[in-house]
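Right, one structure below, let's go through it.
The values are calculated or read from the model by the stated rules, or taken from the named source; none is laboratory data. Every value quoted in this text rests on a predicted model; they were computed, and no experiment measured them. Heads up, the Cβs are rebuilt from the backbone with ideal geometry, glycines too, and the neighbour counts pull from every protein chain shown.
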Amino acid sequence: MVDPVTQQGGVFKQLHQSGLHHVRKNVMADAAQALGMDKHDLKKALAGGESLSDVAASKGVSQDDLLAAIKQGISASGTPSDGTDIDAIAQQLAAFKPKGAQDAPPTDPTDPTGDDADQSSVSVYA
């Protein structure tokens, strides 16, 4: 059986290897809440090529509030075992724009497996 984590993009794979699990789900949930959005709408915006910072700017949410939400999502997953710099990781996640995300098919928001499907869609976020 293939480990699904090996299919994840850089930052989340790094966090998983540091002993944090379910990071993607927690970060997306907390970021969506901070942005005043439904998680599925946020996923669509990211799949359209926007970064979390882009979405925050369009919603009038400060970068500091966005970073706090991302760090909250990371922290909800536990404490990294290897001294990973959470501040730097949060900034990377906020700025990340998936390459070719515009070409990816949109995720069906009515799909009941949406939370578990988070592991295989768009590189870092979906």
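Among the residues of segment 114-121, is there at least one that is within 20 Å of Asp41 (Cβ to Cβ), surrounded by 15 or more Cβ atoms within 10 Å (Cβ to Cβ) and at pLDDT 50 or above?
no
State all residues of segment 64-91 that are more than 25 Å from Asp41 (Cα to Cα) and part of a helix (DSSP H, G or I); if no residue qualifies, say none.
Ile86, Asp87, Ala88
State which residue pairs qualify: first residue within 12 Å of Leu93 (Cα to Cα) and inside segment 40-55, second residue of a type in the set (Val, Ile, Thr) and part of a loop (DSSP other than H, G, I, E, B) in any location, beta carbons under 8 Å apart, and separation of 6 or more residues or different chains.
Leu46/Val122
Here is a list: Val61, Val55. Which entry is more than 21 Å from Gln17 (Cβ to Cβ), among the hydrophobic types (A, V, I, L, M, F, W, C) and part of a loop (DSSP other than H, G, I, E, B)?
Val61
Please specify each residue of segment 18-38 satisfying the condition of being touching a residue at least 60 places away in the same chain (Cβ under 8 Å), assigned to a helix (DSSP H, G or I) and surrounded by fewer than 20 Cβ atoms within 10 Å (Cβ to Cβ).
Passing the criteria: only Lys25.
If Lys99 satisfies every condition in (1) outside any helix (DSSP H, G or I); (2) among the basic types (Lys, Arg); (3) at pLDDT 90 or above but one, which is the exception?
(3)
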